[in-house]
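Each reported figure results from applying straightforward, stated rules to the coordinates on display, with no laboratory input. What you are looking at is a predicted structure, and each value in this text was computed from that prediction instead of being measured. Cβ placement follows ideal geometry from the backbone for every residue including glycine, while neighbour counts extend to all protein chains displayed.
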Amino acid sequence: MRIKDEEAKSIDKLMASVLTMLNEWQEQKEQPQPQEHIHKHSFDIKSSKVFTYVVITAVVCLVSLVSNFWLWQSKQQYKDDALKFRIIRVWRGCSPKEILWLNDVFDIHRNETAIKNIKKKADSYDLELKQKADSLMQRKLK
């Protein structure tokens with residue numbers, strides 16, 4: 001049995017392609033495979049970025065705390081001023097001596113018991129005024 005020239009050529013081509021594939025496979029085996037990179041983040045206070053962020057956060061918190069305290073004080077001042085106005089309305093006006101007394105009680109030498117008494121008087125006056133207005137409305141409706 002003789003192998004024909006065409007079959008020999010095809011076998012040679014087949015062997016060449018097998019050898020080429022074998023060489024490529026060996027080259028791939030020799031080259032290192034890409035490895036997976038593991039990223040680790042370290043938040044060390046000695047790092048300049050971390051230290052900067054901590055300082056900035058502390059400053060922002062301090063500014064927020066100071067501004068909240070300032071707003072609380074101004075809100076308290078508005079409440080006191082509103083109560084002063086209410087008691088002046090209860091008194092149907094006041095003299096300069098009474099204004100000085102109110103400033104002393106509310107601002108200079110804060111007296112919580114006097115402020116509570118003033119609030120009670122203003123609340124009772126507002127309640128009486130509301131009751132009078134309600135009774136006048138009832139009479140008008142009759």
Since Lys46 meets every condition but one in (1) over 19 Å from Lys119 (Cα atoms); (2) surrounded by 10 or more Cβ atoms within 10 Å (Cβ to Cβ), which condition does it not meet?
(2)
Report, by residue number, each residue of the stretch 47-85 that is aliphatic (A, V, I, L, M) and within 22 Å of the chain's Cα centre (by Cα).
Val50, Val54, Val55, Ile56, Ala58, Val59, Val60, Leu62, Val63, Leu65, Val66, Leu71
Looking only at residues in the stretch 85-111 that are in contact (Cβ under 8 Å) with a residue 24 or more places away in the chain and in contact with a Leu (Cβ under 9 Å, 6 or more places away or on another chain), which one is farthest from Asp126 (Cα to Cα)?
Phe106
Go through the residues of the stretch 67-77 one by one and say whether even a single one is surrounded by 12 or more Cβ atoms within 10 Å (Cβ to Cβ) and in a helix (DSSP H, G or I).
yes
Regarding Lys130, is this residue exposed (fewer than 10 other Cβ atoms within 10 Å of the Cβ) and among the charged types (D, E, K, R)?
no
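Can you work out which of the residues in the stretch 112-127 that are touching a residue at least 12 places away in the same chain (Cβ under 8 Å) and of a type outside the set (Asp, Glu) is farthest from Ile99 (Cα to Cα)? Lay out the reasoning, then the answer.
Initial filter on the stretch 112-127 (touching a residue at least 12 places away in the same chain (Cβ under 8 Å)): 115, 118-119, 121-122, 125-126.
From what's left, of a type outside the set (Asp, Glu): 115, 118-119, 121-122, 125.
Details: Ile115: 14, Ile118: 13, Lys119: 16, Lys121: 17, Ala122: 16, Tyr125: 19 Å.
Looking at the filtered set, the residue picked out is Tyr125.
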